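Just below is one structure, and these are the notes that go with it.
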Amino acid sequence: MQKKNAPPVAAEPEGKREFLDALANGLQLMEAFNEEMRSVTIQSAAELLGVTRPASRRILLTLVELGYMQQNDRQFSLAPRCIELGYRYFRSLGLAGAVRPHLRRLSRELGVGAALGILSDADVLFVERVEADRPIKLDLRAGDRLPAYAHSLGRVLLAQLPPDQLAAHLPQGTMHQLAQRTVTERQELGQELERIRERGWSFVNSELVNGLFGVAIALPGSGGQSTIGLNVTSIGEPWSVREIEERIVPALQECAQAMRPITDSLA
């Protein structure tokens, strides 16, 4: 009961009542990461946000539990899942749909499926994908995921990563034998990634599914590191290296250049 002569309690503004400090602090922390600040401790996060250590710990562990941050001993850093938030925004604006005509043109030119994708944890996530007009079709579409280590699109993006980030995009345990030629040894995969970096494209044949082959390139990123890949896939007799170099890769590069005004906003 309010005391007789006590001043009335001021009503809390509507906006303030709806404001969640913990959510705001979590978002502020995620936005603070950049090339100079790649990880935080509980203490440094507390100082950054102006909160107590227990509050900082709860925020960090919640983000880890949700998959948006990862913990290595006392250090906390952004997890690959953060990338998906940005791409969901771009898809909501229809930017993924804006690349569809370019992918269709590429698909018709080569007679194969074409896709744009990113890395998400140990998978390649298709941002957009179109299938060729042919009797045998692959049941893959935007939003689908495949193991990055066994797919041309995933592998070309793995090749762009610095060594300290590669492990976050590979299976924690065994790289399983998915098809006839799947590379399952990490050393062998590392050697293949080095070859991809040198020649600028990846070719994967019968590593994900027997008879499935594909070629991929990484699209230049505004910050220097490529985070988006473009690929074409088909089933049957694979292309020769000569055909890949003389016909397939140039077609991919031409498509990438045509999409540059769109994909620059995604990178």
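Values quoted throughout were computed directly from the atomic coordinates according to the rules given, and no laboratory measurement underlies them. On a predicted model such as this, the values are computed, not experimentally measured, just so you know. With ideal geometry, Cβ positions are generated from the backbone for all residues, glycine too; neighbour counts draw on all protein chains shown.
Bins of 10 Å, beginning at zero and ending with the bin holding the largest distance: percent of Cα pairs per bin for region 156-267, please.
13, 42, 35, 10
Apply the Karplus parameterisation 6.51 cos²θ - 1.76 cosθ + 1.60, with θ equal to phi minus 60°, to every residue of region 38-50 and state each ³J(HN,Hα) to the nearest whole Hz, in sequence, with x for glycine and proline.
So the J values, rounded to whole Hz, are 9, 7, 9, 9, 4, 5, 5, 5, 4, 5, 5, 8, x.
Counting only residues 5 or more places away or on other chains, whose amide H sits under 5 Å from the amide H of Ser120 once H atoms are built in the peptide plane?
Close amide H contacts, sequence-distant or interchain: Leu125.
What ranking do 164-173, 52-61 get when scored by the average of other Cβ atoms within 10 Å per residue, highest first?
Details: 164-173: 13.4, 52-61: 16.4.
Highest to lowest by the protection proxy: 52-61, 164-173.
Would you mind calculating the gained length between Ala167 and Val64 on full extension (0.36 nm times residue separation, minus the Cα-Cα distance), in nm to one decimal?
Numbers: separation 103, 0.36 × 103 = 37.08 nm, distance 1.70 nm.
Net length gain for the segment: 35.4 nm.
In terms of modelled amide H atoms, which long-range or inter-chain residues lie less than 5 Å from the amide H of Asn210?
Residues meeting the amide H criterion: Gln180.
Starting from the Cα of Asn72, move 7 Å in the Cα-to-Cβ direction to define the label point; list residues of region 157-175 whose amide nitrogen is under 16 Å from there.
161-172
Quick check on region 83-263: what are the equivalent-ellipsoid semi-axes from the Cα gyration tensor, as sqrt(5λ), descending, whole Å? Please report the intermediate quantities before stating the final value.
Details: eigenvalues 98, 79, 50 Å².
Whole-Å semi-axes of the equivalent ellipsoid: 22, 20, 16.
What is the ratio of the Cα radius of gyration of region 14-79 to 2.2 N^0.38 Å, where N is its residue count, to two decimals?
Values: Rg = 11.8 Å, N = 66, 2.2 N^0.38 = 10.8 Å.
Rg over 2.2 N^0.38 Å, computed on Cα atoms: 1.09.
Go through region 194-199 residue by residue and turn each phi into a ³J(HN,Hα) via Karplus (6.51, -1.76, 1.60, θ = phi - 60°); whole Hz please, and just put x for glycine and proline.
After applying 6.51 cos²θ - 1.76 cosθ + 1.60, I find 5, 5, 5, 4, 6, 9 Hz.
If you rank Phe19, Phe33, Phe203 by fewest surrounding Cβ atoms within 10 Å, what's the result?
Details: Phe19 11, Phe33 16, Phe203 21.
Placing the least packed residue first, the sequence is Phe19, Phe33, Phe203.
Relative to the present Cα-Cα distance, how much length would full extension add between Glu109 and Glu47 at 0.36 nm per residue of separation?
Working: separation 62, 0.36 × 62 = 22.32 nm, distance 5.56 nm.
Full extension from Glu109 to Glu47 adds 16.8 nm.
By how many nm would the segment from Thr174 to Met30 lengthen if fully extended, with 0.36 nm per residue of separation less the alpha-carbon distance?
Working it through step by step, the gained length comes to 48.8 nm.
From the backbone phi of region 232-238, what are the Karplus-calculated ³J(HN,Hα) couplings (6.51 cos²θ - 1.76 cosθ + 1.60, θ = phi - 60°) in whole Hz, Gly and Pro given as x?
Taking θ as phi minus 60°, the curve returns 10, 9, 7, 10, x, 6, x Hz for region 232-238.
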